[in-house]
Amino acid sequence: MFDFTLHAEDGAARTGTFTTPHGEVETPVFMPVGTSGSVKGVSPEEVKATGASMILANTYHLYLRPGHEVVGELGGVHDFMRWDGPILTDSGGYQVFSLAGSNKIRDDGVVFQSHIDGSSHLFTPEGVIDIQRTLGADVVMAFDECPPGGVSREEAETANRRTLEWLSRCRDRFQMLDDEGVGGAQCLFPILQGNVYEDLRLEHLRSFLNLGDWDGMGIGGLSVGEAKDDMWRVLEALHTEIPKGLPRYLMGVGYPDDLLESVARGCDMFDCVAPTRNARHGTAWTSIEGQINLKSARFICDREPIDPGCDCYACRAYDRAYIRHLCVSSELFGARLVSIHNIRFLVRLAEESRQRIASGTFQSWSRDWLERYRDSKEGAHS
C-alpha cells in the first residue's frame, strides 16, 4: 500500500513519488497544515485547487476537541475533513512539549494540561498510536521527545534515549493493531532527534534502522530556535546516511527560503502553519519582491495582483489595493485570500523544484532564486 520511487537527483536534491492508499504524492511536496481538522480559513476544495496533494491534521488538537473517538465514529479524519487525498497526523509530541510549563515528562509518557480547560491528560506511546489509528490518517508519526533549540548535549542524549524507547513501544503497538485489523491501511514514520549534534543524529538513525523497516523517516527537532547553519549542517550529515528509498519528512519547515535550502539537502516532505499564520497578519510571499506586508500604505492604489507570476485564485481575481483594504479592516476574506496565495506559492515552489531536479538545473536555479528572494526590498524569512 505504501511505496516510494526515486525518479531523479540533482546533487542532494531528489524527486520521487510516495504512494499511499489515498493517492500518489509527488515529492518534493509541501503539505498544508489542518491543525484542528481544517486548514485555517481555507476550504478543502480551495486547498485542492492550490495543487496540494497531501495535508496534515494534528493529533493533540483532535484528541482534545472533538475527541478522536468522535472523529472515528464519523468515519475517520478523511470523511470528517472531507479530504479524499493522503493525510498525515503528527504525534502531538511537539504540542505537548511546547507546554513546557505545564507538562511532566516521565519514562512512560507525558502528563500535560489541556490548553482549552486545564484538564490533565497522559500521552503514552501506545496511547498516541491508538489515537492515530482511530483518526485513520495514511501516515502516522511515532511519539517522540522534542527538546528546544539550545539544549545541552546531555539533554539531547536523554531525549534521544527516551524517543528510541518510545519508538520501540510505538512500533509494537502499531504492529499489534495492524495484525488485529484495527483501522485501515496506515504506515508509521519514526522521528529522528538529536538537536544540532551530528553524532547523536547519526546514532539515533542507526538505532532506528536496527529496529525494523520503515516506510519513511521524520526529521524532528530542527527549526526550533537553532542557528540556520546548524540546521543545514545536520541535514547534510543525514542525507548520506538515511536510506535513499525512504522519503524524508522535515517537520515544521515551510518558509520559502527554508524549503528550497532543505530540498537542496535531500529532504522530500514539508509542513508548516506559516502560510496561513502569516496571511492573518497580511504577510504574503512573492517571486519578485520576496516577503511583503500587504498592510503597507504603498499598496493603497496598487492594481497589481499579490504576485504577477502567480496563478492562484487570489491573484487571478483580486488586486493588492482591495486585499490591503480587507487586511487593514480585519475582514476575514482578506486572510482567506492571502492564505490561498501563500499555500499556492509553496506548492508552486515544490512543483518547480521537481521540474528543475528532473532537468538537472535545480542547483543553479535554486541559488539564483534564493539570491533574488533574499535581496528583495522587504527581505525574506531569517
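FYI, it's all coordinate maths here, none of it is from the lab. As the structure is a computational prediction, the values presented were derived from the model and not from experiment. Here Cβ is always computed from backbone atoms with ideal geometry, including for glycine, and neighbour counts include all displayed protein chains.
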**Inter-probe distance in nm under a simple model that places probes 7 Å from Cα toward Cβ, at residue 49 and residue 364** = 3.8
**Given charges at Cβ of Lys, Arg, Asp, Glu: the chain dipole, positive-most of 291, 216, 122** = 291
**Asked** With the contact rule set at Cα under 8 Å and sequence spacing of 6 or more, what percent relative contact order holds for the chain?
**Response** 18
**Asked** Sequence-distant or interchain residues sharing an amide H contact under 5 Å with residue 192, placed H: which?
**Response** 218, 219, 220
**Message:** I want the local charge near residue 301. Using Cβ-Cβ distances under 13 Å, sum +1 for each Lys or Arg and -1 for each Asp or Glu among the other residues.
**Reply:** +1
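How charged is the neighbourhood of residue 199? Take every other residue with its Cβ under 13 Å from the Cβ of residue 199, and add Lys/Arg as +1 and Asp/Glu as -1. Let's see the in-between values first.
Numbers: positive: 153, 201, 206, 233; negative: 157, 198, 203, 241.
Overall, the nearby charge balance is 0.
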**Message:** I'd like the orientation of helix 228-239 relative to the chain: the angle between its Cα long axis and the longest Cα principal axis, in ° from 0 to 90, rounded to 10.
**Reply:** 60
**Request:** Give, rounded to the nearest 20 debye, the magnitude of the charge dipole that the range 3-272 has about its Cα centre when Lys and Arg contribute +1 at Cβ and Asp and Glu contribute -1 at Cβ.
**Result:** 360
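Can you check what the net charge comes to around residue 93, using other residues whose Cβ is under 9 Å from the Cβ of residue 93 (Lys, Arg +1; Asp, Glu -1)?
Details: positive: none; negative: 90, 144, 145.
With Lys, Arg at +1 and Asp, Glu at -1, the neighbours total -3.
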**Options 341, 312, 327, ranked by Cα towards positive dipole end of the range 281-373, top entry (Cβ charges)** = 327
**Complete:** Taking placed amide H atoms and a strict 5 Å upper bound, the residues 5 or more places from residue 246 or on another chain that come that close are none
**Message:** Between 0 and 90 degrees, rounded to the nearest ten: what's the tilt of helix 198-211 against the longest Cα principal axis of the chain?
**Reply:** 60
**Request:** For the chain, give the share of DSSP beta bridges that are antiparallel, in percent and rounded to the nearest 5; count only bridges with both residues there.
**Result:** 50
**Fill in**
Over the range 281-373, the quotient of the Cα radius of gyration and 2.2 N^0.38 Å is 1.16
**Request:** Any chance you could give the angle, 0 to 90 degrees and rounded to 10, that helix 362-374 forms with the longest Cα principal axis of the chain?
**Result:** 60
